[in-house]
Amino acid sequence: MAAAISSGTVEVRRLVAADWAALREVRLTALADAPYAFSSTLDRELGFDEATWRGRLESTAHVGAWGPGPQPGLIGLAGGFPEAPEELRGHAPGPDEPAAWHLVSMWVSPQGRGQGIADRLVAAICELARADGAEQVALWVTEVNPRALAFYRRMGFRETGQRQLVWPDEPGHWEERMVRELR
C-alpha cells in the first residue's frame with residue numbers, strides 16, 4: 001500500500017488544456033483501480049488520442065488535486081457539466097425542475113484517500129455549478145461501492161430512487177442517482 005500524503009499542501013484547481021496528459025494519466029489509473037465505479041473501461045480509454053483528451057477538457061469542467069512535492073502529480077479528479085435533463089433524467093424537464101450540474105469521473109488515489117481531498121473536489125464542482133446558476137448537483141453512483149455511497153451521503157447528496165444499469169450487458173450492475181441541493 002502506498003504511503004499517505006502526510007506533508008505539504010494539496011492544491012485543488014481547475015484543469016486547463018495544457019493538463020490533458022495529466023487528465024489521461026489519472027483517468028486511466030482510476031479505471032484500473034476501480035473499474036466497477038465508472039461507465040467506461042480502461043481498454044476503451046487507452047485508445048483515446050490527444051484530441052479526445054483535450055476535447056474532454058473543453059466539454060467538461062475538471063478539477064484536480066495536485067499532490068505536494070517538487071514535481072506534483074494529479075492525485076484526485078472530479079468533473080462536472082450542466083445536466084441535460086432529457087438525457088440524464090429520462091424525461092424533458094418540468095417547469096419546476098431546478099437547473100442542475102452533473103458530477104462525473106470522481107476519483108482519489110489510494111494514498112490520498114481519507115484526507116479530505118474528495119471533499120475539496122466535490123466542493124469545487126459544486127462551486128462551479130453554483131456560479132453557473134445551477135440549483136443542484138446530481139450524480140450516478142454504483143451500488144457495489146458502499147464507501148462512495150456513504151461519502152456522497154455525508155457530502156449532502158440524497159438518493160432519488162432512480163436506478164439504471166451501468167452496462168446493459170451486465171444485468172446485476174446497477175447505479176443510483178443522487179442529488180445535492182445548492183440553494
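Laboratory data are not the source of any read-out in this text; all were calculated from the coordinates shown. Predicted, not measured: the structure shown is a model, and the values here were computed from it. Here the Cβ is made from the backbone with ideal geometry for all residues, glycine too, and neighbour counts use every protein chain on show.
Taking a spot 7 Å from the Cα of ALA34 along the direction of its beta carbon, which residues of segment 149-180 have an amide N less than 14 Å from it? Output list for this probe position: 149-155, 176.
Charges only on Cβ, +1 for Lys and Arg, -1 for Asp and Glu: so what's the dipole of the chain about the Cα centre, in debye to the nearest 20? Each step should come with its number before you reach the end.
Details: 19 positive and 25 negative charges, 129 e Å.
So the dipole magnitude of the chain works out to roughly 620 debye.
Most tightly packed first, judged by the mean number of other beta-carbon atoms within 10 Å of their residues, the peptides 117-123, 139-145 read 117-123, 139-145. Each of PRO72, VAL179, PHE48 was placed along the dipole of the chain (beta-carbon charges, centred on the mean Cα), and the one lying farthest toward the positive end is PRO72.
With both bridge residues required to lie in segment 11-181, what share of the DSSP beta bridges run antiparallel, to the nearest 5%?
Working: 28 of 31 bridges.
Percentage antiparallel, nearest 5: 90.
Residue ranges 157-166, 27-36 sort as 27-36, 157-166 when ordered by packing (mean number of other C-beta atoms within 10 Å per residue, highest first). For the chain, the mean residue ellipticity at 222 nm estimated from helices alone is -9000 deg cm²/dmol, where every DSSP H run of n ≥ 4 contributes -39500 (n - 2.57) and the total is divided by all residues, rounded to the nearest 500. Multiplying the residue separation of LEU46 and GLU11 by 0.36 nm and removing their Cα-Cα distance gives an extension gain of 9.9 nm.
With each label modelled as a point 7 angstrom along the Cα→C-beta vector, the ALA99-LEU165 pair spans 3.6 nm.
With a simple spin-label model that places each label point 7 Å from the Cα along the Cα-to-Cβ direction, the separation between GLU143 and ALA21 comes to 4.3 nm.
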